[in-house]
1. What FRET efficiency comes out for ALA58 versus LEU35 if R0 is 35 angstrom and r is the Cβ-Cβ distance? Round to the nearest 0.05.
2. Along Cα→Cβ, 7 Å out, is where each label goes; now give me the distance between the ones at ALA46 and TYR67 in nm to one decimal.
Amino acid sequence: MTSALAQVEQPSGERPLTLTEAQTILSQLVLGSVLSIQSKRIHTNALDDLFAFVMSSALSHALLMDYRTTMDHLRPPRPSMSGCRPFESWSVKPVATA
């Protein structure tokens with residue numbers, strides 16, 4: 001793998017990130033699998049945040065778990081499922097075969 005680097009524009013005057021070739025390929029793969037323009041924008045921002053976080057120190061499992069914990073605290077709370085019946089209580093009728 002060569003050490004080709006790509007520049008990523010940061011909004012509001014922040015200095016651009018310099019991505020490695022592997023990070024650029026990963027970004028292209030992720031963004032290539034997303035169809036919606038809004039989803040591409042959201043994924044681009046998330047990847048930029050992840051790459052900036054990773055560049056702040058050496059990549060390790062502990063660093064990724066720290067990042068995950070940080071993101072979990074930023075996520076809005078999940079909706080309550082208290083009014084829903086559990087899957088096991090759904091009545092399923094067998095399909096008649098001819």
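1. It comes to 0.50.
2. 1.2
The numbers here are math on the coordinates, done by the rules we state, and not lab data. For clarity, every value in this text was computed on a predicted model and none was experimentally measured. Heads up, the Cβs are rebuilt from the backbone with ideal geometry, glycines too, and the neighbour counts pull from every protein chain shown.
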